[in-house]
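J.: The structure's right below; bear with me while I get my questions together.
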Amino acid sequence: MDIKHTDLALEAAEIYRDGRPEGEIDGARLREKNSRGFAVTEVTVFKDSAAKELCKPKGNYITVDIGRFLKRGDGSFPDAVEVIGGLIREQLGGAAPESALVAGLGNRAVTPDVVGPAAADMVLATRHLVESSPEDFPFFNKVSVISPGVVGTTGIDSGSLIKAAADMARPAAVIVVDALCSASPDRLCKTVQVTNTGITPGSGVGNAGSEISEKTMGVPVIAIGAPTVMSLKAAADVPEGVSDMFVTPRDIDIKAAEISKLIAYSINYALHKNLSVSDIDMLV
């Protein structure tokens, strides 16, 4: 498998280490833990050499196996929201920022790519409320939400639209949500990745747009996503002359809806003070 066929840092590390069981990756560190029944793995890339080998910028990449949530055990949804929401907040410095811009990346007309826009639909937009009547909304921070679409339907690169919105709203942080590409069928729609490195939309499917990161936005950027497609080249040798194709689960419509809700609730939990999952339920 080729590292370039995955957006997940954990998979990139696994692919790189395949055949190298005797040692760790120089310049990268893996840590594993269990949080409320969810397996959490953090990959920290801290050297340029490791960033080059893994094809991932330096930073933190946290992967949550959401298998417990998918099995629909008692309390699995609120537990998953609190775990992922807590990780988002950690990457924001340990506390909810006073203001944030959330951008849902993707194409609503393509089911595997709908995670970003669908999640954005459920993120609480509160900036106007807090600015007009702060005394009436003491539990909210200022959050703006956009779904910039894709360049094929807008004619404008999504990164440029997010930068324009950020210049206007002046958030303390930007959160972007996008569908990702996996190199393994075992992680399709079963994993959520949170990273503080930002994102280059479409890079996993060979259609890269402009970088959305702290470097381009001027404020911290957290990227959240889940793999909904897998490159056929990552699974098997493709006959010569056959262009690359991407596969997705047959029930992707259901899975995309579930993941979008989980990510949206996690963002709401991370960005506002003292909001429970039941509170978010009533507000969304």
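The values are calculated or read from the model by the stated rules, or taken from the named source; none is laboratory data. In this text, all values refer to a predicted model and were calculated from it rather than measured experimentally. No Cβ is skipped: glycine too gets one built from the backbone with ideal geometry, and neighbour counts run over all protein chains shown. The accessibility values were calculated without ligands, DNA or RNA, using every heavy atom of the protein model including side chains. Shrake-Rupley method; radii C 1.70, N 1.55, O 1.52, S 1.80 Å.
J.: In the range 182-201, what residues are under 23 Å from Asp121 (Cβ atoms) and open to solvent by less than 50 Å² (accessible area, probe 1.4 Å)?
T.: Passing the criteria: Leu188, Cys189, Thr191, Val192, Gln193, Val194, Thr195, Gly198, Ile199, Pro201.
J.: While we're here: Identify the residue in the range 117-133 that is part of a helix (DSSP H, G or I) and open to solvent by 20 Å² or more (accessible area, probe 1.4 Å) and, among all such residues, is nearest to Met282 (Cα to Cα).
T.: Per the criteria, the residue is Asp121.
J.: Ok, one more. So is Gly59 open to solvent by less than 20 Å² (accessible area, probe 1.4 Å), among the small types (Gly, Ala, Ser), closer than 28 Å to Tyr16 by Cβ and within 18 Å of the chain's Cα centre (by Cα) or not?
T.: So Gly59 passes the test.
J.: Suppose we keep only residues that are among the aliphatic types (A, V, I, L, M) and open to solvent by 60 Å² or more (accessible area, probe 1.4 Å) within the range 258-283. Which one would you say is nearest to Lys71 (Cα to Cα)?
T.: Filtering the range 258-283 for residues that are among the aliphatic types (A, V, I, L, M) and open to solvent by 60 Å² or more (accessible area, probe 1.4 Å), the one nearest to Lys71 (Cα to Cα) comes out as Met282.
J.: Moving on to the next point. Could you tell me which of the residues Ala125, Ala80, Ala119 is more than 15 Å from Ile259 (Cβ to Cβ), modelled with pLDDT of 95 or more and either among the β-branched types (Val, Ile, Thr) or in contact with a Ser or Thr (Cβ under 8 Å, 6 or more places away or on another chain) (or both)?
T.: Checking each option against the conditions leaves just Ala125.
J.: Would you mention how many residues in the range 51-88 are touching a residue at least 60 places away in the same chain (Cβ under 8 Å) and assigned to a loop (DSSP other than H, G, I, E, B)?
T.: 4
J.: Does the range 41-50 include one or more residues that are free of Cβ contacts under 8 Å to residues at least 60 places away in the same chain, hydrophobic (A, V, I, L, M, F, W, C) and either part of a helix (DSSP H, G or I) or open to solvent by 30 Å² or more (accessible area, probe 1.4 Å) (or both)?
T.: Checked the range 41-50: at least one residue is free of Cβ contacts under 8 Å to residues at least 60 places away in the same chain, hydrophobic (A, V, I, L, M, F, W, C) and either part of a helix (DSSP H, G or I) or open to solvent by 30 Å² or more (accessible area, probe 1.4 Å) (or both).
J.: Sticking with this structure for a sec: Could you please let me know if Arg187 is at pLDDT below 95 and charged (D, E, K, R)?
T.: Answer is yes for this residue.
J.: Kindly indicate the residue of the range 24-40 that is of a type in the set (Gly, Ala, Ser) and assigned to a loop (DSSP other than H, G, I, E, B) and also least open to solvent (accessible area, probe 1.4 Å) among those meeting that condition.
T.: Gly27
J.: Turning to a different aspect of this structure: Name every residue in the range 134-158 that is of a type outside the set (Phe, Trp, Tyr), at negative phi and not in a helix (DSSP H, G or I), in order of residue number.
T.: Pro138, Asn141, Lys142, Val143, Ser144, Val145, Ile146, Ser147, Pro148, Val150, Ile156, Asp157
J.: Only one of (1) touching a residue at least 40 places away in the same chain (Cβ under 8 Å); (2) more than 21 Å from Ser182 (Cβ to Cβ); (3) among the charged types (D, E, K, R) is not met by Glu24, so which one is it?
T.: With respect to (1) touching a residue at least 40 places away in the same chain (Cβ under 8 Å); (2) more than 21 Å from Ser182 (Cβ to Cβ); (3) among the charged types (D, E, K, R), Glu24 is out only on (1).
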